[in-house]
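To keep things clear, I will list the structure first and then write my remarks on it.
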Amino acid sequence: MSSEPPCEEAPVSELAGGLRFNTKFAALVIVLFPALMGLAGWQMWRSQEKAVMLAVVEARSQQAPIRVSLLQDSTRSGLDRLPVELRGHYLQGRDFLLDNRVLRGTVGYELITPFQDRDGTVAFVNRGWRAALRTREQLPVPEIIEQEVQLIGDVYAPEDLRRLRSAASGGWPCILQAVDIAEMARIAGVEAFPYLVRLRSEQPGVRDAHWETVNIAPERHVAYAAQWFFMGLALLLVFLLGGTNVREWYTNNHGVASVMVDPIEPDGKALRASRIKLALMFLLPLLAIGLSTLVYYTGTGIPRATTNKGVLLIPPRPIDELKLSDRARQPWHHAQSAQGWGLLTVGAGDCADSCRERLYLTRQIRLALGKDTHRISRYYLMTDETPERGFADYLAAEHPDLQLLHVDRPALQAWLGLASDPDPLAGQPIFIVDPAGFAMMYYLPTHAGAETISDLRFLLEHSREKVR
């Protein structure tokens, strides 16, 4: 008479008090639960990063375009999505086609052409999408624009340039699989501005210029985060209900009589409990997906308020418009600054006590940033011709790192001429200057120093400027 081998039971561990759990299931939860929570946190971080990017793009879209030739020494983060102006002509016959671009479900190319400005600066400009023809041997023919034109575009300088490279095809137009400005300049035989310029629509030689700011909106990242979070919660609940005897343990430890159940023939109550567990295993992941979909389409639970403590300067103002000069009365430009970000104050040649308190505050704010201190410059814009002797001695003793610059009062008044702008002298604002040289936020004496520190830490954390 043969006997069937006994069914192998899952390994079970028991804690004090009679609480038992499936060891393999517990090991799986220990590995997966932190991973799911980590993915949820990463998606929330990505949502915040995209929100910052959208805010920067929105602020920069309101700025007046700048000549490309003035941006040669600027940092990548300070240039990205910055409006620029070009006046000159296309360099015909040296066109590039960026392959595998899709618009409204149709495969095509993006047309990139070198453009020479009046001052000789050459920049590669993206002229928009062109539909692919019937075969790969047939290529779109770029329209010829011979006359001088004026173009407006935005610098496209993405931070992550890690991508597969592929050699460009021979002949013109030249087919590319990825944008590499240095290689394109070599092929075209020109010395070019290091970043691509995306031209705006309805300009000579531009068609179908539809540029996405971000490929995934912050709201979708929040929805993904909710999905990962609820999946982790579902995993934990399934483990508690299906991988432990937590209900039996709870019953026994609270003095409620338990009913012995036949392990071979389960009664109706045990059968219903098993069905509930099985239903939860299927329904909880569906619930996670449903809730994340609700978050995405309705915006429920997505924070709407801004996190900055200072007052945004709208639109941001380039400090180079002030025509500043240094102590030797030589022209000074922001590109000469050693650090990316800056704290700027304005005052007279004597700098009274309240003015010196603001200078002291900027020094302490900079020191409070610790390891990021070297990423901050400090500027004092003086409206008088020369500083008084006592003030000059004070600066040398207390603020040796401060850059003293001269500004004309009429230029300053025109620079802050909007009704919503602060009074640069009576209001005693402290301005934050971004790596591109734009004053973009300010703090009045009613703001605490800790608020400025909080905003600066946030900006530095999300900034990738290169310190010269």
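The values are calculated or read from the model by the stated rules, or taken from the named source; none is laboratory data. Please read these numbers as outputs of a predicted model, since none were measured by experiment. Note that each Cβ is placed from the backbone with ideal geometry, even for glycine, and that neighbours are counted across all protein chains shown. Heads up: the accessible areas ignore ligands, DNA and RNA and are worked out on the full protein's heavy atoms, side chains in. Shrake-Rupley method; radii C 1.70, N 1.55, O 1.52, S 1.80 Å.
Residue-by-condition table, conditions (1) in contact with a Cys (Cβ under 8 Å, 6 or more places away or on another chain); (2) at pLDDT 75 or above; (3) in a helix (DSSP H, G or I):
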residue	(1), (2), (3)
278	no, no, yes
281	no, no, yes
287	no, no, yes
302	no, no, no
306	no, no, no
314	no, yes, no
317	no, yes, no
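If you go through the range 89-112, how many residues are of a type in the set (Lys, Arg), within 27 Å of residue 54 (Cα to Cα) and either outside any strand (DSSP E or B) or open to solvent by less than 10 Å² (accessible area, probe 1.4 Å) (or both)?
1
Residue check, residue 424 against (1) touching a residue at least 60 places away in the same chain (Cβ under 8 Å); (2) more than 19 Å from residue 356 (Cα to Cα), all met but one. Which one?
Every listed condition holds for residue 424 apart from (2).
Mind listing just one residue for me: the one in the range 319-337 that is small (Gly, Ala, Ser) and at pLDDT 65 or above and, of those, surrounded by the fewest Cβ atoms within 10 Å (Cβ to Cβ)?
328
Tell me, yes or no, whether the range 439-460 has at least one residue that is charged (D, E, K, R) and in contact with a helix residue (DSSP H, G or I) (Cβ under 6 Å, 6 or more places away or on another chain).
So far as the range 439-460 goes, no, none of its residues is charged (D, E, K, R) and in contact with a helix residue (DSSP H, G or I) (Cβ under 6 Å, 6 or more places away or on another chain).
When the range 435-455 is examined, which residues are found to be under 29 Å from residue 70 (Cβ atoms), of a type in the set (A, V, I, L, M) and either modelled with pLDDT of 90 or more or touching a Gly at 6+ places or on another chain (Cβ under 6 Å) (or both)?
436, 441
Would you confirm whether any residue within the range 374-385 is in contact with a Ser or Thr (Cβ under 8 Å, 6 or more places away or on another chain) and β-branched (Val, Ile, Thr)?
Taking every residue of the range 374-385 in turn, none turns out to be in contact with a Ser or Thr (Cβ under 8 Å, 6 or more places away or on another chain) and β-branched (Val, Ile, Thr).
I'd like the full set of residues that are at pLDDT 85 or above, crowded, with 20+ Cβ neighbours inside 10 Å and touching a Phe, Trp or Tyr at 6+ places or on another chain (Cβ under 7 Å), limited to the range 44-88.
86
So, in the range 342-354, exactly how many residues are open to solvent by less than 20 Å² (accessible area, probe 1.4 Å) and either closer than 15 Å to residue 373 by Cα or not small (Gly, Ala, Ser) (or both)?
Going through the range 342-354 one residue at a time, the tally reaches 6.
Which residue is farthest from the chain's Cα centre (by Cα), if the candidates are limited to the range 204-220 and must be open to solvent by less than 30 Å² (accessible area, probe 1.4 Å) and at pLDDT 85 or above?
So, considering only residues that are open to solvent by less than 30 Å² (accessible area, probe 1.4 Å) and at pLDDT 85 or above, the one farthest from the chain's Cα centre (by Cα) is 205.
For the range 1-22: of the residues being open to solvent by 50 Å² or more (accessible area, probe 1.4 Å) and of a type in the set (S, T, N, Q), which is modelled with the highest pLDDT?
3
List every residue pair whose Cβ atoms sit under 6 Å apart, with the two residues 6 or more apart in sequence or on different chains, where the first one lies in the range 219-241 and is over 16 Å from residue 34 (Cβ atoms) and the second, anywhere, is at pLDDT 80 or above and among the hydroxyl-bearing types (Ser, Thr, Tyr).
As it stands, the answer is 221/47; 222/47, since those pairs meet every condition given.
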